[in-house]
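Written below as structure tokens is the structure these notes are about.
The values are calculated or read from the model by the stated rules, or taken from the named source; none is laboratory data. Keep in mind that this is a model prediction, so the values were computed, not measured. Positions of Cβ are backbone-derived with ideal geometry, glycine not excepted, and every protein chain shown enters the neighbour counts. Side chains included, ligands, DNA and RNA excluded: accessible areas come from the protein's heavy atoms. Shrake-Rupley method; radii C 1.70, N 1.55, O 1.52, S 1.80 Å.
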Amino acid sequence: MRQFLLDAFLEFIKLMPMPFETPYMHLRRINGWPKEYRKSRINQELRRMKDRGWIEEAERQGKKFLKLTAKGRVEGLCRRIETIGRVDKRRWDGKWRLALFDIPEKGRWQRDTIRWALKCAGFHQLQKSVYVYPYEIPAEVIEYLNVAGLLPFIRFGRLDKIDNDTDLRKLFKLSRR
């Protein structure tokens, strides 16, 4: 037990900044920060993120830090949603998930945003406001719709069977259960 605690303490010490080490050097050392990311490039990206309203400077107990804004959180979730559809290799349980929404023309951006999120997650459009998906609805999609304030406009359901679903099974590359 003593050896375990000693090893853990030594690992913790390795993560702490060394004397005369800049924060940039510290990040490179503990994260294996790639050398091709120069400090000027990082600062440039941080400025862009501030200009877009994704991050903001905050101060707590006299220390300054960068904080993710609500807009930045939505953007981060957008990027996570974009990767969901590409990594879906789960076992199909034989049930279909439906996403239904009905938003009037004055809420066009809301409609388009919901469509974008569902398509990025791998849903397939059956009708203008009806989408289908063979797996559990990813938590990232629900979280994104909630943070973006769009969850009240959409309903999700689960169906045991859709008649004549051969085209859908072929589209999602599913075999019959």
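Overview of values
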| read-out | value |
| --- | --- |
| Accessible-area composition of region 49-177, carbon plus sulfur, in percent [1.4 Å probe] | 48 percent |
| Gain upon complete extension [Ser129, Glu143; 0.36 nm per residue less C-alpha separation] | 3.1 nm |
| Prolate/oblate/rounded call for region 133-177, Cα gyration tensor, a/c under 1.5 rounded | prolate |
| Region 113-162 - Debye-derived log10 I(q)/I(0), Cα point model, q = 0.16, 0.21, 0.23 Å⁻¹ | -0.43, -0.75, -0.90 |
| When region 37-144 is reduced to its Cα atoms, the Kirkwood hydrodynamic radius in Å | 16.4 Å |
| Peptide ranges 60-67, 138-145, 43-50 listed from the most packed, as the mean C-beta count within 10 angstrom indicates | 138-145, 43-50, 60-67 |
